[in-house]
Amino acid sequence: MGFPQAISLSAKDVHVSDVESFARMSSHGASEASCSTTSSYEKTLVWGAPMSHYEHVDSHSAHRAERHRGMRTDQAAESDPAAHAQLQKELRAKENWDTMISEVARKMMANGGLGRKICINSGGMVCITYEKYLRRYPGTLLSDMIRNPNHDLFRKGFIFLDRHPFAAVEIVNSYRDGFIPVKPPHIASEVWQNELLYFKMHEADPPIPGLDGFLALYRQSFNSEEDGRPSAGFRATLYALLEEPKSSTLAWFISMTSLILVVASVVVLCVETLPQLAKNDQLQSTFEFVDVGFVSAFTFEYLSRLLVNQNKRKFVFRPLNIIDLLSILPTWITLIFPAAEASKVLKVLRILRVFKLARHSDGLQVLGKTAIAARNELSQALFCFIILVILFAAIVFYAEDNAANPYGEPFLSIPHSMWWAVITLCTIGYGDMTPVTDTGRLFGSMACVAGVVMVALPISVISSTFQEKYAEHMEKQKIEVGSMRNLVPSRSLSNQSISLSSSQ
């Protein structure tokens, strides 16, 4: 009967040959030399029995067996030194085997079956957990360490890692809780991603719940609206090309081509309204033909993005996609219904193409997010502004009282005076309407001061919100680029982490 060689790792002085020879002696009987020197006490040994089995042997019998064994050992040493040496090896193997069995059982059954307490010092933050939890997800860094008999974490139950302390706490907790939490708010996203890679949480077998790919995890952290991304296949590739310009060189080229087309279409739309060109019918026909080409490209892009998106309803009702649709519809309507060609409304809608630039500009996207995030502050400021407009329009109307105004138009009514109030509160002052009475000028000055205060109050809130949204947007861009590169991370980083930890 043979035993696995791993048992030699539990005691320094245990040899595989010793254990196997002792096993053969216990199972099939020893040779004549061994039998002649083996006491009756040794023949009563039960293989694999706990140490308490031997501790309850009658003390007199044990003493007699010990004395008898010593006498026979001396005789064997004189008659056959080789047999004596073999017997000593077998006895030593048996004692070490019993010690190992009892020690392993003690460690595994400690703390209600949770095993030993393991201490992990990460950047000065000490995390204490049980061995059973660390064995929960094979393939991860800590699980591989605790399963390696040669590693310090297995032998000493302690290890120091020069990693982010608070991230290590969350990762160690995930072994006990059974899932990876969403990025903690006090840890930078790039740091959190690097720590997950270092601890090899993506290589867990079985996979850890909550870690379904790095990109999905961080999109969930930022409440991203890009939940229409296909999971895999050709549609996922097209989605990356059309919606993620930083995912590849080809995607960047497609994005730049779309940007150039948008700029060119806006330029053509502006140039065709020049007086010297508006009267040239041939040039107008050329402009219309070029515009149809631009709109065809925009339509193809819109339909392609719609087809590859999983959540088509949400795609259609996104603000930027609504603008895209409104910017291409006027051209097709005028082609299908020529009677509507002269409609000024349709011509005005064509200028909405300029908002397509927002898809290619981080600043415009952040500005839109800032307006949405600060909508409460902006609505309150707008409400106060409307009150001031009505107030100063009424005051200056009654102060002027239809007085003759040699510098501009008179204040004919309160609604007519609202134009002056808006221009004055915004500190613009066109000069088309000016108060001429002393009372009107006094309240006009008060309107200027109130306008400065009114404009300055929400600026601090909007500025802080813009900085916050811009930092979040840029951080998200870095994470997505890093996640695309590390979606199938190489094992070089993991191997380096294991070698570093093993050396410690």
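Where a number appears in this text, it was derived from the coordinates with a stated rule and is not lab data. What you see is a predicted model; the values in this text were computed from it and never measured. A quick note on method: Cβ atoms are made from the backbone with ideal geometry, for glycine too, and the neighbour counts reach across all protein chains shown.
Magnitude of the Cβ-charge dipole of the stretch 237-360, K/R +1 and D/E -1, about the Cα centre, nearest 20 debye? Please report the intermediate quantities before stating the final value.
Details: 13 positive and 9 negative charges, 104 e Å.
For the stretch 237-360, the charge dipole is close to 500 debye.
Apply the Karplus curve 6.51 cos²θ - 1.76 cosθ + 1.60, θ = phi - 60°, to the phi angles in the stretch 442-454 and return the couplings in whole Hz, x for Gly and Pro.
4, 6, x, 5, 4, 5, 4, 5, 4, x, 4, 5, 5
Please compute the modelled spin-label separation between Phe160 and Asn148, points set 7 Å along Cα→Cβ, answer in nm with one decimal.
1.9
Kindly identify the stretch 255-391 as rounded, prolate or oblate by the Cα gyration tensor criterion: order the square roots of the eigenvalues as a ≥ b ≥ c, call it rounded if a/c is under 1.5, otherwise compare a/b with b/c, prolate if a/b is larger, else oblate.
oblate
Remind me, relative contact order of the stretch 237-360 in percent, using alpha carbon pairs under 8 angstrom and six or more residues apart?
Numbers: 98 pairs, mean separation 32.1, N = 124.
Value for the stretch 237-360: 26 percent.
Taking amide H atoms as placed 1.01 Å from N in the peptide plane, list the residues 5 or more away in sequence, or in a different chain, whose amide H sits under 5 Å from that of Phe158.
It is Cys119, by chain and number.
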